[in-house]
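Reviewing the structure listed below.
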Amino acid sequence: MNIEAIKQDLYDIKFRTNVNYFQLTTLGVGSTAPLVADVTSDMQLVELLKYTSQNDIAVFLIGAGSNLVGSDEPYNGIIVRLRGDFMLMNLDDSGRLIAGGGAKLPETARFAAARGFGGLSKLCGIPGSIGGALRMNAGANGANISDHIVRLRGYDLNGNPWSAEANTIEWRYRDCGLPVDKIITAAEFQLPSSSVEQEEALLNAELIARKNREPQGRTAGCIFRNPGAAEPAGRLIDQAGLKGQEFGAVYVSRQHGNYLVNRGGGSEKDFLQAACAVRKSVAQKFGIYLDWEVKFIVPAHTEEFYQAAVPPSVALFMGGDSSEREVSLRSGSAVAGALRRSGYPVQVFDLKECAVPEAAKKCDLVFPVLHGGWGEGGGLQKVMEEAKLEFVGSGSQASELVMDKLQTKKLLKSLQLPTAEDWQITREHLDAPPQDMTFPVVVKVPCEGSTVGIEKIDDLAAWRSKLPKLLQAADVLLAEKFIAGRECTVPVILGQAMSVVEIRPPGGFYDYDAKYIYANGHTEYFCPPVRITAAEQKLLQELAVKFYHAFNCRDMVRVDFIIGNDDNVPYILEGNSLPGFTATSLVPKAAACMNISFERLCASLAMAHCPAKTGEK
């Protein structure tokens, strides 16, 4: 790149040479940018882009320089800043705001608030430009800059005009679907009407809050994306014991773990060493692989960061052909999302048969999220064992045992664990139940889950009406004495009992409708429980862990109980070796009660089989 030739050919554009990144970015790490162009109008920008395109010269657009990491090496191209006309704003009486791509977001928020319009005040503490904030879909306090965007305009890297309606762009958490080869020069917002007093109060509250929580010194803002709303990166970094650690002139903030502070003279290498240590430590402790929220002048330099801790590739199985297929699809989608937010590359497979797809065999780990049938009952587990695949969940023998309610019952009684009186029912009992059986009873199809194939039968007429349909699903059924009481469940994850979840179905019986459909009203869940004493909770957790070990479970099981009203005995109803993992499922509820996010829950199960592969950094 011939700098003098560029300056001569584009003589009407203001250029600066060897500009220190301390002047260009809020973080300030890196050496100097060989050539910086401050363009002030559309005409200058088009002229520059056509020239760089024709001469194969790279360009890198920067706004206010926040969320940006400079380079220790010279950037072989032109760094472009939007100034002049690109920093202007206009707001009409209807709330239509036009802001240039180079306008500062805090100033734009104050501009709107002073005229009685809201929508941006919660973002006033973000020190970026409008263009940069849109590119990363900046957000704070539950608000995102994309919330009120209507349309965008700008240019491609060849200098051709470009525009897009906001509803044609995918807006993601701290990211969006804007093409990388487009430059935003102006954005149109439609802001809601408000009052000056209300917006100024929001502005002041946010600025005070930011001052209290953000560290002093040169930073790029938050460095890492939050894996989930309930799993902030800063908390993970804090719990990994990294606050205050120093890496040359860069250190992890003691005030907020998601900030790396440049005390002065910091290099890109210092910054990368700190970031690599964070990624590695968090991955080793929690199985979560943090990703950037910042951008690099030279993106290739981030490879060192990703190699510091390499996540295993995951094949996620869901679907199946059992009556619980729809529940499995919902569970599988939820787990896949949690794993991806935690940094795992995930391939999803909707299984229709008891076989492992060839593509799945190339992954490091299989995470089955199947319910019922061969997906949970040991069939698929046996196939994976024969293929010598690493997979989450119990092995084939334990899966088969837990799935079969008849075999579960037999083992519970042999271990003298509390369980309801029971009878085995066949077609011989269509007209009349066993002589020693009294109503009401709960009749269960032995190898179904998610409360599928379960009926409460109160009298002989209901027996003769409901039994034929149940016997179509299995030749032998399990009938248990109905116990009126307090229903609850205890998940066990990696050998540790989770919080007890108290269940109050609307009709007093927890069937499929009470669990998923709610035709008869919504089931109430209490975690922690409100009608189960601390001593009872401890006993339930001890029994659940005994179940986990006695049945040779691995990774997880959910044990369901009912505490009898007459005797306060915690009767074990059944276990679930692959329990539901939907947003409303019981295992995530119990984990959340212990401040374990859904992301951390799923990541911990993956990490138990495939610890982080770490580099030397």
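Spelling out what I want: for every residue of the stretch 183-200, take phi, set θ = phi - 60°, compute 6.51 cos²θ - 1.76 cosθ + 1.60 (Karplus), and round to whole Hz; glycine and proline get x.
Karplus values, whole Hz, x for Gly and Pro: 10, 8, 9, 7, 9, 10, 10, 10, 9, x, 5, 8, 10, 4, 4, 5, 5, 5.
Cβ under 11 Å from L191's Cβ, L191 left aside: what net charge do those residues give with Lys, Arg +1 and Asp, Glu -1?
Values: positive: R96, R115; negative: D92, D147, E188, E199.
Net local charge, L191 excluded: -2.
In whole percent, and with a 1.4 Å probe on the protein chains, what portion of the accessible area of the chain is carbon and sulfur?
Here carbon and sulfur together make up 49 percent of the probe-accessible area.
Hey, how many Å between the Cα centroid of the stretch 87-126 and the Cα centroid of the stretch 337-374?
If you average the Cα positions of each part, the centres end up 46 Å apart.
Taking the Cα centre as origin and putting +1 on Lys and Arg beta-carbons and -1 on Asp and Glu beta-carbons, what dipole magnitude results for the chain, to the nearest 20 debye?
1260 debye
All other residues with a Cβ under 11 Å from the Cβ of K410 taken together, and with Lys, Arg as +1 and Asp, Glu as -1, what is their net charge?
My count for the surroundings of K410 gives +1.
For Q416 and E73 in the same chain, what is the full-extension length gain: residue separation times 0.36 nm, less their Cα-Cα distance, in nm?
116.4 nm
With a 1.4 Å probe and all protein chains in place, put Y289, Y173 in order of accessible area, largest first.
Correct descending sequence by accessible area is Y173, Y289.
If each DSSP helix of 4+ residues adds -39,500 (n - 2.57) and the sum is divided by the residues in the chain, what number results at 222 nm, nearest 500 deg cm²/dmol?
Rounded to the nearest 500, the figure is -9000 deg cm²/dmol.
What is the local net charge at G264, summed over the other residues whose Cβ is closer than 15 Å to its Cβ (Lys, Arg +1; Asp, Glu -1)?
With Lys, Arg at +1 and Asp, Glu at -1, the net is -1.
Quick one: if the Förster radius is 25 Å, what FRET efficiency do E197 and R96 give, using the C-beta to C-beta distance and rounding to 0.05? Show your work: numbers first, answer last.
Details: r = 22 Å, r/R0 = 0.90.
The value I calculate is 0.65.
Work from the charge dipole of the chain (Cβ charges, +1 for Lys and Arg, -1 for Asp and Glu, about the Cα centre) and give the residue of A315, A432, A140 farthest towards its positive end.
A140
Under a Cβ-Cβ limit of 4.7 Å, which cysteines in the chain have nobody to pair with?
Lone cysteines by the Cβ rule: C124, C176, C222, C276, C354, C363, C447, C488, C553, C602, C610.
List every residue whose amide H lies under 5 Å from the amide H of V69, counting only residues 5 or more places away in sequence or on a different chain, with H placed 1.01 Å from N in the peptide plane.
Correct list: K295, F296, I297.
Take D156 and T614, extend 7 Å from each Cα along the Cα→Cβ direction, and tell me the distance between the two endpoints in nm.
The answer from the label model is 4.5 nm.
Give me the one-decimal nm value for the distance between modelled label points at A484 and E303, 7 Å along each residue's Cα-to-Cβ direction.
A separation of 7.1 nm, rounded to one decimal place.
Between D38 and K362, what is the label-to-label distance in nm when each label sits 7 Å out along the Cα-to-Cβ direction?
Spacing of the two 7 Å Cα→Cβ label points: 5.2 nm.
Just to confirm, what accessible area per residue do you get for the stretch 211-328 at 1.4 Å probe, in whole Å²?
Details: 4300 Å² over 118 residues.
Here the residues of the stretch 211-328 average 36 Å² of exposed surface.
Sorted by average packing, counted as other Cβ atoms within 10 angstrom per residue and highest first, what order do 389-396, 105-112, 48-55 take?
Put in order of decreasing packing, that is 105-112, 389-396, 48-55.
Can you work out the FRET efficiency for the pair R464 and Q284, with r the C-beta to C-beta distance and R0 = 51 Å, to the nearest 0.05?
With R0 = 51 Å, the Cβ-Cβ based efficiency is 0.25.
Along the stretch 48-65, what does the Karplus equation 6.51 cos²θ - 1.76 cosθ + 1.60 (θ = phi - 60°) give for ³J(HN,Hα), rounded to whole Hz, x for Gly and Pro?
Computed from phi, the couplings for the stretch 48-65 are 5, 5, 5, 5, 5, 5, 5, 9, 6, 10, 6, 10, 9, 8, 10, x, 7, x Hz.
What full-extension length gain, to one decimal in nm, is calculated for I57 and K352 as 0.36 nm per residue of separation minus the Cα-Cα distance?
Working: separation 295, 0.36 × 295 = 106.20 nm, distance 5.16 nm.
Contour length minus Cα-Cα distance gives 101.0 nm.
Can you figure out the FRET efficiency of I3 with K269, using R₀ = 22 Å and their beta-carbon distance, to the nearest 0.05?
E(calc), rounded to 0.05, equals 0.30.
Hey, if we sort C363, C593 by accessible area with the 1.4 Å probe, largest down, what's the order?
C593, C363
Averaged per residue, what accessible area in Å² does the stretch 93-203 show with a 1.4 Å probe, protein chains only?
41 Å²
Keeping all protein chains in place and using 1.4 angstrom, which order do Y571, Y306, Y21 fall into by accessible surface area, from largest down?
If we order Y571, Y306, Y21 from most to least accessible, we get Y306, Y571, Y21.
A387 to A205: extension gain in nm, 0.36 nm per residue of separation minus the Cα-Cα distance?
Length gained, A387 through A205: 59.7 nm.
Convert each backbone phi in the stretch 291-298 into a coupling constant with the Karplus relation 6.51 cos²θ - 1.76 cosθ + 1.60 (shift: θ = phi - 60°), then list the ³J(HN,Hα) values in order as whole Hz, x for Gly and Pro.
After applying 6.51 cos²θ - 1.76 cosθ + 1.60, I find 10, 5, 10, 9, 10, 10, 4, 10 Hz.
The values are calculated or read from the model by the stated rules, or taken from the named source; none is laboratory data. Nothing here was measured: the structure is a model prediction, and the numbers come from that model. Positions of Cβ are generated from backbone atoms using ideal geometry, with glycine treated the same way; all protein chains shown enter the neighbour counts. SASA here: full protein model, heavy atoms, side chains in, ligands and nucleic acids out. Shrake-Rupley method; radii C 1.70, N 1.55, O 1.52, S 1.80 Å.
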